[in-house]
Amino acid sequence: MMGLMPSEETRTTTPPTVRSAAAHDARKPHDAGKDAGKDAGKDAGKQEGASARAWTTRLLVLGIVLSALNLRPAITSLGALLEEVRDGLGMSGSVAGLLTSVPPLCFAVFGVMAPRLARRFGPGAVVCAGMAAIAMGLLIRPYAGGTAGFLAGSALALMGIAVSNVLMPVIVKRWFPDRVGSMTGLYSMALALGTALAAAVTVPVTDALGGSWQTGLALWAGLAVAAVLPWLPFVRGRGKQPGDGERVAEETARNQAPAPAEHARGETPPLRMTRSRTAWALAVFFGLQATAAYITMGWMAQIFRDAGVPAGTAGLLLAVTMVMGVPLAFVIPRLATRLPQQGPIVVVLGLCGLAGYAGLYLAPAAGAWAWALLLGVANCAFPLALTMVGMRARTGPGVVRLSAFAQSTGYLISIPGPLLVGVLYQHSGGWGLPIALMSALMIPQMVVGVLAGRDRTVEDEASR
């Protein structure tokens, strides 16, 4: 008994803090293991989320590139074989002019639907459906029989192009807000590459496949089918984007902060683009550059063929015009985003267009390659217009509305141009009057482009 007492005294006289520390030390291995497990789980979750976001981003970039490749072959492949299509379907020059006016008409009519469809189904799902429509239209139109069926198949393909045209700047702004210039350049390069590829290889591939213009036009449906695949995960995801979880958390934190006085009364009203002078200037600029582009894509190969240039070479010249957009479509948006005003770029592009048209009038065959290069530079007003859409609005919803307004209004403006060129060509018997019309339209294009390139936003103008 006496031998046990010192130990009992020792236990009873041990300070509470020492016992607490000892107990803590006794528990520490188990708790540390639990904490380490939690930290490891969090780290693994973060790594898994980062890997998923990286994979989604790569898939999205692939989808943007493949979609852009499909936004012009439906038009330039037809331009390369326009004479064969006219002979096969018995078209007059005026009807052929109507055919070359179908693209801007469809872009204007169906482009208006894009924002509403994107809000309901998500932009990724709408672009996926657009690529499917392009594939179906390109496959149907050569074999539909007659001019009406050909126009209907073309309209289906162009409907898919229209909604994708409007949503591409929106997708770039939404998923890559810190890389608008570089992503717009990548998208524009792919668009120019697809345009040039269709112009360059349609005629030789058609000849290699037996000379049937139906086969030469239908083969481009395969490229559209390939573009459907990267967008399928975004159909299931209802338009969710990489990093949505972080953005939702940030927005929730911002919403918990005291609201500014000007927003305390409720949501801001929707933007009215018709109140913005910049939006109107950008819409007119977009329309005039689209007029020049679709006249070039629809008629330039025919201009060279009428001047005595062989059909294959005429297709290559059109391809040269289109392929100029590959390097310049990457350089111009990046340069535009570094300048406070984009007017100087607009003027340089316009002067190149005037020089190219002068060459087409004076010596279409002798200087054909030079004129093709100059008109290719002038056609880079398209990526510049897309870049300005992203720069002239501060918010994602503003970009959606501005893109839809500028493109839909612009394509409405561009409808008469290709049709009028066909009428003038048929009734004058030459290309003098059509080229004069193209040159005359370049002047207002430069004026409104300078106005659209001023450093201001549509939100500020529409709210006044």
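The values are calculated or read from the model by the stated rules, or taken from the named source; none is laboratory data. This is a predicted model, so every value here is computed, not measured. Note that we place each Cβ from the backbone using ideal geometry, even for glycine, and neighbour counts take in every protein chain shown. Just the protein is used for accessible areas: all its heavy atoms, side chains included, with ligands, DNA and RNA removed. Shrake-Rupley method; radii C 1.70, N 1.55, O 1.52, S 1.80 Å.
For residue 55, the accessible area of its heavy atoms, probed at 1.4 Å with every protein chain present, is near 150 square angstrom. The order of 461, 83 by accessible area, most exposed first and with a 1.4 Å probe, is 83, 461. 3J(HN,Hα) along segment 371-376: 5, 5, 5, 5, 5, x Hz, from the Karplus curve 6.51 cos²θ - 1.76 cosθ + 1.60 with θ = phi - 60°, whole Hz, x for Gly and Pro. In this structure segment 91-246 gives 36 Å² per residue of accessible area when probed at 1.4 Å with all protein chains present. Shape call for segment 371-433 from the C-alpha gyration tensor, a ≥ b ≥ c root eigenvalues: rounded (a/c under 1.5), prolate (a/b greater than b/c) or oblate? Since a/c reaches 1.5 but b/c is at least a/b, the shape of segment 371-433 is classed as oblate. In segment 423-464, the portion of solvent-accessible area held by carbon and sulfur atoms comes to 62 percent [1.4 Å probe, whole percent, DNA, RNA and ligands not counted]. For the pair residue 334 and residue 440, the difference between a 0.36 nm per residue extended length and the Cα-Cα distance amounts to 35.2 nm. The local environment of residue 313, defined by Cβ-Cβ distances under 15 Å, has a net charge of -2 under the rule Lys, Arg +1 and Asp, Glu -1.
Net length available on complete extension from residue 54 to residue 226 is 59.8 nm, with 0.36 nm assigned per residue and the Cα-Cα distance removed.
Oblate is the label for segment 58-128, because the ratio a/c of its alpha-carbon gyration tensor axes (a ≥ b ≥ c) is 1.5 or higher and a/b is not greater than b/c. If only the Cβ of Lys and Arg carry +1 and only the Cβ of Asp and Glu carry -1, the dipole of segment 318-464 around its Cα centre is close to 280 debye.
Distance between the pseudo-spin-label points of residue 152 and residue 456 (7 Å out from Cα toward the beta carbon): 4.8 nm.
In terms of its C-alpha gyration tensor, segment 97-144 has an oblate overall shape, because the principal axis ratio a/c (a ≥ b ≥ c, square roots of the eigenvalues) is not below 1.5 and a/b does not outweigh b/c.
The loop-placed trypsin sites (Lys or Arg not before Pro) in segment 298-405, going by DSSP, that have at most 15 neighbouring Cβ atoms within 10 Å of their Cβ come out as 394.
Highest mean packing first, where packing is the average number of other Cβ atoms within 10 Å per residue, the peptides 377-384, 70-77 line up as 70-77, 377-384. For segment 48-206, a crude dipole built from +1 on the beta carbon of Lys and Arg and -1 on the beta carbon of Asp and Glu, taken about the Cα centre, is about 620 debye to the nearest 20.
A cut-off under 15 angstrom between Cβ atoms defines the neighbours of residue 342, and their net charge, with Lys, Arg +1 and Asp, Glu -1, is +4. Please compute the net charge surrounding residue 383, taking Lys and Arg as +1 and Asp and Glu as -1 over other residues with Cβ under 14 Å from its Cβ. Residues close to residue 383 contribute a combined charge of +2. Rounded to the nearest 10 square angstrom, residue 348 shows an accessible area of 80 square angstrom against a 1.4 Å probe.
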